[in-house]
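Please read the structure below before turning to the comments.
Coordinate-derived values only; no laboratory data. Quick caveat, the model's predicted, so the values are computed rather than measured. Here Cβ is always computed from backbone atoms with ideal geometry, including for glycine, and neighbour counts include all displayed protein chains.
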Amino acid sequence: MKRNMIKLLMPALLLMSANVMAGDAEKGKSLSGTCAACHGMDGNSVNPIWPSLAGQHEAYLDRQIKLFRSGERENALMAPMVSTLSDQDVADLSAYFSSQKLTMKAADPASVELGKKIYQGGDKVRNIPACMSCHGPTGQGNPMSGYPVVANQHAAYTAIQLRAYKAGRKLANQDDVNGQIMADVAKYMTEEEIDAVSSYIQGLKSAQ
């Protein structure tokens, strides 16, 4: 069922990617100062509850910033930071952070076995698909489908997002089809599985 839904939504996702304005990474760097306090000058956040943006797909960053700007994705910290950005500013920032190199991290060895099980195989009995079916075996996602890079993201941030999906708090924007897919996945996950898969994702490359 989920596979059929993804196929039906693919044309819309491809159209969203095609409509992203071309960004200038150098101009984006000059605009990134206000982002640095939370996300780091090079997009590598030093606080694990805030996401690292370095190396993320440009189209994905562009879309998420615009969702924060419009209020469709609610966040009290992000809203004032992006409220005055033009579409070109958003494109430039997205180009800059996308061009940066993401810092490698490590998984908690105690969580690798369970995290790997969920990430690579899911749980068919409980309708939990493998994370890699959308995000790929190395967590690089799929920019054409709107699936973000998740590899080496802070475990704390990933766990916060998964719990928000599980609680249904990520569905305010009805156009965020990937958000609906994630909510359908996370609602069946246990707290232990959320923590384990988040840790596994944090150190995905080193854990393979």
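Computed quantities for the displayed model
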{"read-out": "Cβ-placed point charges (K, R +1; D, E -1), dipole of the stretch 53-126 about Cα centre in debye, nearest 20", "value": "380"}
{"read-out": "Assigned charges on the beta-carbon of Lys, Arg, Asp, Glu; the chain dipole about Cα centre (debye)", "value": "520"}
{"read-out": "Segments 74-83, 155-164, 133-142 sorted - mean Cβ within 10 Å per residue, highest first", "value": "155-164, 133-142, 74-83"}
{"read-out": "Segment MET41-LYS101, length gained on full extension (0.36 nm per residue, minus Cα span)", "value": "20.4 nm"}
{"read-out": "Whole-Hz ³J(HN,Hα) from phi, Karplus 6.51 cos²θ - 1.76 cosθ + 1.60, for the stretch 39-52, glycine and proline x", "value": "9, x, 4, 9, x, 9, 5, 8, 9, x, 8, 10, x, 7"}
{"read-out": "Check: the stretch 105-153 dipole with +1 on Lys, Arg Cβ and -1 on Asp, Glu Cβ, in debye", "value": "80"}
{"read-out": "Extension gain (nm, one decimal) between ALA167 and ILE49, 0.36 nm per residue minus Cα-Cα", "value": "40.7 nm"}
{"read-out": "Sequence-distant residues sharing a close amide H with ILE128 (under 5 Å, placed H)", "value": "ASP123"}
{"read-out": "Interchain or long-range residues, amide H under 5 Å from GLN100's placed H", "value": "GLY55"}
{"read-out": "Per residue Cα convex hull volume in Å³ - calculated over the chain", "value": "107"}
{"read-out": "Which of ALA159, ILE49, ILE128, positive extreme of dipole for the chain (C-beta unit charges)", "value": "ILE128"}
{"read-out": "For ALA151, net neighbour charge (Lys/Arg +1, Asp/Glu -1) across residues whose Cβ lies under 14 Å away", "value": "+4"}
{"read-out": "³J(HN,Hα) computed for each position of the stretch 137-142 - Karplus, 6.51 cos²θ - 1.76 cosθ + 1.60, integer Hz, glycine/proline x", "value": "x, 10, x, 8, x, 8"}
{"read-out": "Per-bin percent of Cα-Cα distances, the stretch 109-207 [5 Å]", "value": "3, 14, 25, 29, 20, 7, 2, 0"}
{"read-out": "The chain: relative contact order in percent, alpha carbon pairs under 8 Å with at least 6 residues between", "value": "25"}
{"read-out": "Amide H contacts under 5 Å for ASN142, placed H, 5+ residues apart", "value": "TYR147"}
